[in-house]
């Protein structure tokens, strides 16, 4: 198996301007990979505006595993759920295990490590912060439209989250 790659925090801007993926002439896969790297950087930096700038205005977020399938449609709904995720798991890191990049989509399998700091609704209950870091796997599929994400789908290991969040009696 390929060695895991940690996604490091990088500057949010270059010369005061947002960093944008650069098109690679004649290589749409490289362009998608570049956009994907910028997206990971934005998440690691916990920069909501940078994250949203890499989405289309009609973007959707589809989450599998937390409460069946949940869908947030449109950039404002996506903003609300991403804001909740960033505030609830402010120290989250992504340890990328594998990645597949094609012309208009990217699939990433990651191990997320994070500490829940706000109550988290999932599976018909609310989990309370425990003060301990948890780890869970997530597989993301980012469907691109040009150099921006039109649909972000995530499959997360909700059972791993549940088991760790209930260890302290949550």
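Summary of computed values
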read-out: Some residue of the range 65-72 being farther than 15 Å from residue 45 by Cα and either at pLDDT 95 or above or part of a helix (DSSP H, G or I) (or both); value: yes
read-out: Any chance residue 95 is under 17 Å from the mean Cα position of the chain (by Cα) and under 25 Å from residue 56 (Cβ atoms); value: no
read-out: Residue pairs meeting the criteria (Cβ under 6 Å; at least 6 apart or on separate chains; first on the phi > 0 side of the Ramachandran plot, in the range 50-67; second buried (at least 16 other Cβ atoms within 10 Å of the Cβ) and in a strand (DSSP E or B)); value: 65/155; 65/156
read-out: Members of the range 7-57 that are modelled with pLDDT under 50, surrounded by 12 or more Cβ atoms within 10 Å (Cβ to Cβ) and in a strand (DSSP E or B); value: 18
read-out: Test for residue 129: is it surrounded by 15 or more Cβ atoms within 10 Å (Cβ to Cβ) and more than 17 Å from the chain's Cα centre (by Cα); value: yes
read-out: Only one of 81, 111 that is under 16 Å from residue 160 (Cβ atoms) and modelled with pLDDT of 95 or more; value: 111
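Conditions tested, residue by residue: (1) in contact with a strand residue (DSSP E or B) (Cβ under 7 Å, 6 or more places away or on another chain); (2) over 18 Å from residue 51 (Cα atoms); (3) at pLDDT 95 or above; (4) surrounded by 15 or more Cβ atoms within 10 Å (Cβ to Cβ).
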{"residue": "93", "(1), (2), (3), (4)": "yes, no, no, yes"}
{"residue": "107", "(1), (2), (3), (4)": "yes, no, yes, yes"}
{"residue": "116", "(1), (2), (3), (4)": "yes, yes, yes, yes"}
{"residue": "139", "(1), (2), (3), (4)": "yes, no, yes, yes"}
{"residue": "143", "(1), (2), (3), (4)": "yes, no, yes, yes"}
{"residue": "152", "(1), (2), (3), (4)": "yes, no, yes, yes"}
{"residue": "155", "(1), (2), (3), (4)": "yes, yes, yes, yes"}
{"residue": "167", "(1), (2), (3), (4)": "no, yes, no, no"}
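The values are calculated or read from the model by the stated rules, or taken from the named source; none is laboratory data. What you see is a predicted model, and the numbers here were worked out from it, not measured in a lab. Because the Cβ atoms are built from the backbone with ideal geometry, glycine has one as well, and the counts that use them run over all protein chains shown.
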